[in-house]
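Comments concern the structure below.
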Amino acid sequence: MILYTLIISVILFVIFIFTSGSRKYAKYRWLHYSLAGLALIVFLGSETLLIMNEHGHFGMKTKVYTQKISLYSATGAAANSQVPFMLLHQDAGKDRIYIYNTEKQGKPKMKHTQITDKNAVKTTNQTAYLAIEKKRRVFKNSFYKNLFAYSGNKNVLVSTRNVFYLPANHQVMSVNEMKKMQKEMLEKQKKMQEQQSKKK
């Protein structure tokens, strides 16, 4: 609605200004100037409201959306109290991106957090899960929704917070550390197999 009033007020302002100098409407010049002034006020008011909505979030409120996702060890191994639950991370400068598995069986299905997300790791006596809290900016009511329609500010993501709830026996390591550990384990297995074959 506000975009329509903005466009219409500009058009009317231009029309009233140009027609006010016409001889045909000379005796109504005062009316033309009054209407041009009114159109200008509507234009400035609409522009001000748009700026307030864009920068001051006028007519908006913050709504929190929560989601709970079951997590499984990054190794893909079945839950075992003897084997640590694995959560991976990758550092991107000062920021840390967490990489997690959402597939219970078979090949791990890895997903990751975004670089702008806020993350935390906590322990729980329940099964591992990820709590995602998204804050979005939405319109306060239908009036503001109609007023600022097509402004591009609908359902804008403000922030995301991820909390990883992991069992007490868990380990958080980088992708490189994980690869190094897997390499060492393969080398140990290879040596053990060689030793067993020599004994035979």
Residues of region 78-103 being modelled with pLDDT of 85 or more and surrounded by fewer than 16 Cβ atoms within 10 Å (Cβ to Cβ), in sequence order, are Q90, D91, A92, G93, K94, D95, R96, T102, E103
Does G37 qualify as being more than 30 Å from V172 (Cβ to Cβ), out of contact with any Cys (no Cβ under 7 Å at 6 or more places or on another chain) and at pLDDT 90 or above?
no
Residue hits (region 115-142; surrounded by 14 or more Cβ atoms within 10 Å (Cβ to Cβ) and either of a type in the set (G, A, S) or not assigned by TED's automatic domain parsing to the domain that holds H89 (or both)) are A128, A131
Considering only residues that are in contact with an Asp or Glu (Cβ under 9 Å, 6 or more places away or on another chain) and of a type in the set (S, T, Y), which ones fall in region 81-130?
Y98, T116
Pair list, Cβ under 6 Å, 6 or more apart: region 153-174 residue hydrophobic (A, V, I, L, M, F, W, C), other residue not in a strand (DSSP E or B)
L166/A128
Options T48, T102, T66, T62; residue that is of a type in the set (V, I, T) and touching a Phe, Trp or Tyr at 6+ places or on another chain (Cβ under 9 Å):
T102
Would you check if Y150 is within 22 Å of the chain's Cα centre (by Cα), touching a residue at least 60 places away in the same chain (Cβ under 8 Å) and outside any strand (DSSP E or B)?
yes
Please report, ordered by residue number, the strands (runs of 3 or more DSSP E) entirely within region 43-131 with at least 3 residues that are touching a Lys or Arg at 6+ places or on another chain (Cβ under 8 Å).
60-70, 95-101, 118-123
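The values are calculated or read from the model by the stated rules, or taken from the named source; none is laboratory data. Note that the structure is predicted; figures quoted are calculated from it, not measured. Backbone-built Cβ (ideal geometry, glycine too); neighbour counts: all protein chains shown.
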